[in-house]
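Supplied in structure tokens, the structure appears directly below.
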Amino acid sequence: MFERIGDAEWQIAPSGAMLVPAVVFADREMVDELQRDEAGSEWSALRQLRNVACLPGIVGRALALPDVHPGYGFPIGGVAAFDVKDGVVVVGGVGFDINCGVRLLSIPLSADELGERAGLADALFAAVPAGLGSKGSLRMTVSEIDRLLREGAAFAVGRGLGLPEDLPVIEESGCVSGADPETVSERAKQRQFRQVGTLGSGNHYLEVQRVDELFDPAAASVYGLDAGQAVISVHTGSRALGHQIGQDYLKIMGEAGRRYGLPLPERELACAPVDSDEGRRYLSAVACGANCAFANRQVIAHLVRGVLADRYGVSPSSVRTVYDIGHNNAKRETHDVDGVRRELIVHRKGSTRALGPGAEDVPAAYRSVGHPILVGGTMGTSSYVMRGTPDGMRRAFGSGVHGAGRALSRKKAAKKYWGEDVLSSLHASGIELRAHSLRGVAEEAPGAYKDVERVVAAAEDAGINRRVARLRPLVVIKG
Amino acid sequence: MPFEFIDHTADMALRASGASFEEALCEAARALFALMVPPEQVALREHVEIRASGTTRELLTVDWLAELLAQKDLTGCLFAEFVVALDRTSDGVYVLDGIARGEPLDRRRHDVGAEVKGVSYAGLHVRERDDGWEIQCVVDL
């Protein structure tokens, strides 16, 4: 079924209702696994990828990156681009956690200089609201929520939560244009009132990490990363606001898809034409959700700076934002497709942008090498900083891997691991974990995930992303 | 078994059953909240009224569960007991009036799990079986 078309690139030719080929960037073992799952499981990433390849107006190829695993409708680790004139926008291509992503902060201290980690873990755990039902300290009126949705991270900075120099090193400067708060329901806004500046639960985390190894010292130097240095990663998204937007538009787009008579392979791929009232409103709501996520990570960065100032006396401005990037998005972008510049809506579900050297939307400071891609690992292994490549721009719409990708279901993980055991085994290996839910810890045990080393190696072998640095966790905060 | 969880790599599939469709809807709601807190830890001190609708039983199910998730954030409560009454309008739309009972989340007493983000259309089905009704859906965690 698969034809190998590159070092780590496999193609399935269109068949049945598929309009374009489906392509998987992966090593051979991963491809074999995907095929086994398609034959034996009710949930198959490959089947979902083929379904995406059937959607009206899809351009080029439906893509799966090495961290691909089954999602709802769209595979996680999936990328699909649609023409703005005759294509569709798909709710499942973004998901419920709009612009969920990672912010990386660099600390002006080496990992050794952090000293005793348990105290740092306790202080971060106390400062950053996390877990089910946690509440942020930022109180807002309805009109302020609307401003937050329009302005994104800049809104938080304007409230004294963060620094102006954070903004240029956030994807799209922390503010996606075209965000009209009127396209977001009152209910979504009401749900968000208490949740700005909260980490959430599940796979979200805050980690203190050590830059463990540099693979591309020149790019690392452009990003201001040194071996041995301490950094902090914050993985969270748009919280309840994004969840409600996803839920609201799943219904709206499900009805719209039927009304427009779109030939859909699955109900779960609820979608509407890009060029329709519903499509335009959804894209605006996604922009609002994205801005909410940028603001959320901005507020958490501010809380982290407070802890670091208290403990180490480091000034807020010396704790630098390296980058902030989302991995659940639909964005309007221009790409070369078969030599023609085309305006597209690029869906990345569990995939980051990975704009390579020279790309216009890369912050000026990083333009020579492309912006950082922030790849989340597991709490016991590693995270990675990667970067985009010219090849990735041509073959993957400038997209990158986002994490290790789950290998075990939460149910299997909870059966196999015990929260306390995970805690003590991490402690034994020098990692301080603080979590509100031990059940959550078991579900997120390192063994529940694919090997992140294999994921980044496959992305590099495929030529779409390049490794820059590996980050090892020292302190992990979970919801 | 009134409800169970089915393996799904990234998220969670829940399957609920009941002698009637209404009972299965209540069990699906119990399953949804059981992902977040053990039901036996939730005292039934407060209640909220819920209205949901859908042109099909499947869509009604998603609407009902999504409403409950929204009420969780709006009220700060976790719910463990549910009552629903079902009606159908002249144009065939299912309309549900329900009550969810529970209490405000209290981390000292509630052994919380991961928060459910949303209720998807993936693997969604409502089936009438010989012994009653079965509901299945995938929720995002």
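The values are calculated or read from the model by the stated rules, or taken from the named source; none is laboratory data. The structure presented is a predicted model; accordingly, all values stated were derived computationally and were not measured. With ideal geometry, Cβ positions are generated from the backbone for all residues, glycine too; neighbour counts draw on all protein chains shown.
Kindly indicate whether any position in region A:166-174 is modelled with pLDDT of 95 or more, more than 30 Å from A:GLY380 (Cβ to Cβ), part of a helix (DSSP H, G or I) and in contact with a Ser or Thr (Cβ under 8 Å, 6 or more places away or on another chain).
Yes, region A:166-174 contains at least one residue that is modelled with pLDDT of 95 or more, more than 30 Å from A:GLY380 (Cβ to Cβ), part of a helix (DSSP H, G or I) and in contact with a Ser or Thr (Cβ under 8 Å, 6 or more places away or on another chain).
Evaluate the following for A:GLN247: is it part of a helix (DSSP H, G or I) and either facing another protein chain (nearest Cβ under 10 Å) or in contact with a Ser or Thr (Cβ under 9 Å, 6 or more places away or on another chain) (or both)?
In short, yes.
Among the residues in region A:107-125, are any within 14 Å of chain B (Cβ to nearest Cβ) and under 23 Å from the mean Cα position of the chain (by Cα)?
Yes, that holds for at least one residue.
Hey, another quick one. Return only the number of the condition from (1) in contact with a Lys or Arg (Cβ under 8 Å, 6 or more places away or on another chain); (2) within 14 Å of B:PHE21 (Cα to Cα) that B:ARG88 does not satisfy.
Every condition holds for B:ARG88 apart from (1).
Then there's this: Looking at (1) surrounded by fewer than 19 Cβ atoms within 10 Å (Cβ to Cβ); (2) more than 25 Å from B:HIS8 (Cα to Cα), which one does A:GLU432 not meet, given that it meets all the others?
Against the list (1) surrounded by fewer than 19 Cβ atoms within 10 Å (Cβ to Cβ); (2) more than 25 Å from B:HIS8 (Cα to Cα), A:GLU432 comes up short only on (1).
Would you be able to say whether some residue in region B:48-57 is β-branched (Val, Ile, Thr) and touching a helix residue (DSSP H, G or I) at 6+ places or on another chain (Cβ under 6 Å)?
Yes, region B:48-57 has at least one match.
Out of curiosity, is B:LEU32 assigned to a strand (DSSP E or B), out of contact with any His (no Cβ under 8 Å at 6 or more places or on another chain), more than 8 Å from every other protein chain (Cβ to nearest Cβ) and in contact (Cβ under 8 Å) with a residue 60 or more places away in the chain?
It is false that B:LEU32 is assigned to a strand (DSSP E or B), out of contact with any His (no Cβ under 8 Å at 6 or more places or on another chain), more than 8 Å from every other protein chain (Cβ to nearest Cβ) and in contact (Cβ under 8 Å) with a residue 60 or more places away in the chain.
Of the residues in region A:191-207, how many are at negative phi and at pLDDT below 95?
8
Something else about it: Quick test for you: out of A:GLN11, A:GLN48, pick the one residue that is among the polar types (S, T, N, Q) and closer than 22 Å to A:ARG466 by Cα.
A:GLN11
For the structure I just gave you, tell me whether A:ARG439 is of a type outside the set (A, V, I, L, M, F, W, C) and surrounded by 19 or more Cβ atoms within 10 Å (Cβ to Cβ).
yes
Still on this structure, please answer the following. Looking only at region B:49-61, filter to residues that are over 12 Å from the mean Cα position of the chain (by Cα) and part of a strand (DSSP E or B); which one of those is nearest to the other protein chains (Cβ to nearest Cβ)? Steps first, answer last, please.
Narrowing region B:49-61 to residues over 12 Å from the mean Cα position of the chain (by Cα): B:49, B:51, B:53-59.
From what's left, part of a strand (DSSP E or B): B:49, B:51, B:53-54.
On the way: B:GLU49: 15, B:ARG51: 13, B:SER53: 10, B:GLY54: 9 Å.
Among residues in region B:49-61 that are over 12 Å from the mean Cα position of the chain (by Cα) and part of a strand (DSSP E or B), the one nearest to the other protein chains (Cβ to nearest Cβ) is B:GLY54.
Ok, one more. Quick check: anything in region A:381-393 within 26 Å of A:ALA111 (Cβ to Cβ), within 14 Å of another protein chain (Cβ to nearest Cβ) and at pLDDT below 95? Let's see the steps before the verdict.
Step one: list which residues in region A:381-393 are within 26 Å of A:ALA111 (Cβ to Cβ), which gives A:381-387.
From the residues that got through so far, the ones that are within 14 Å of another protein chain (Cβ to nearest Cβ) too are none.
Scanning region A:381-393, I find no residue that is within 26 Å of A:ALA111 (Cβ to Cβ), within 14 Å of another protein chain (Cβ to nearest Cβ) and at pLDDT below 95, so the answer is no.
Of all residues in region A:396-407, which are farther than 25 Å from A:GLY224 by Cβ and outside any loop (DSSP other than H, G, I, E, B)?
Selection gives A:ARG406 alone.
For region A:66-97, enumerate the residues that are assigned to a strand (DSSP E or B), within 21 Å of A:ASP37 (Cα to Cα) and either within 14 Å of chain B (Cβ to nearest Cβ) or free of Cβ contacts under 8 Å to residues at least 40 places away in the same chain (or both).
A:ASP67, A:VAL68, A:HIS69, A:ILE76, A:GLY77, A:GLY78
Now, a different point. Which ones in region B:35-48 are outside any helix (DSSP H, G or I) and within 22 Å of B:ILE6 (Cβ to Cβ)?
Correct list: B:LEU35, B:MET36, B:VAL37, B:PRO38.
Something else now. Looking at A:VAL385, A:VAL441, A:VAL369, which is the one that is touching a residue at least 12 places away in the same chain (Cβ under 8 Å) and assigned to a strand (DSSP E or B)?
Numbers: A:VAL441 fails: assigned to a strand (DSSP E or B); A:VAL369 fails: assigned to a strand (DSSP E or B).
Of A:VAL385, A:VAL441, A:VAL369, the one residue that is touching a residue at least 12 places away in the same chain (Cβ under 8 Å) and assigned to a strand (DSSP E or B) is A:VAL385.
Okay, next question. For region A:182-203, name all the residues that are within 13 Å of A:ARG147 (Cα to Cα), of a type outside the set (A, V, I, L, M) and surrounded by 21 or more Cβ atoms within 10 Å (Cβ to Cβ).
Within region A:182-203, just A:LYS189 meets the criteria.
Looking at region B:83-110, which of the residues that are among the acidic types (Asp, Glu) and within 19 Å of A:LYS135 (Cβ to Cβ) is farthest from the other protein chains (Cβ to nearest Cβ)?
My answer is B:GLU103.
Per-residue answers, yes or no, for (1) surrounded by 20 or more Cβ atoms within 10 Å (Cβ to Cβ); (2) under 22 Å from A:HIS402 (Cβ atoms); (3) of a type in the set (Val, Ile, Thr); (4) under 22 Å from the mean Cα position of the chain (by Cα):
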residue: A:LEU19; (1), (2), (3), (4): no, no, no, no
residue: A:VAL24; (1), (2), (3), (4): yes, yes, yes, yes
residue: A:MET30; (1), (2), (3), (4): yes, yes, no, yes
residue: A:ARG36; (1), (2), (3), (4): no, no, no, no
residue: A:GLY40; (1), (2), (3), (4): no, no, no, no
residue: A:TRP43; (1), (2), (3), (4): yes, yes, no, yes
residue: A:GLN48; (1), (2), (3), (4): yes, yes, no, yes
residue: A:PRO56; (1), (2), (3), (4): no, no, no, no
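Something else: Exactly one condition in (1) surrounded by 23 or more Cβ atoms within 10 Å (Cβ to Cβ); (2) outside any strand (DSSP E or B) is false for A:LEU63; which is it?
Exception for A:LEU63: condition (2).
As an exercise: evaluate A:MET393 against (1) outside any loop (DSSP other than H, G, I, E, B); (2) more than 14 Å from the chain's Cα centre (by Cα); (3) surrounded by 24 or more Cβ atoms within 10 Å (Cβ to Cβ); (4) not small (Gly, Ala, Ser) and give the number of the one condition it does not meet.
Here A:MET393 clears every test but (3).
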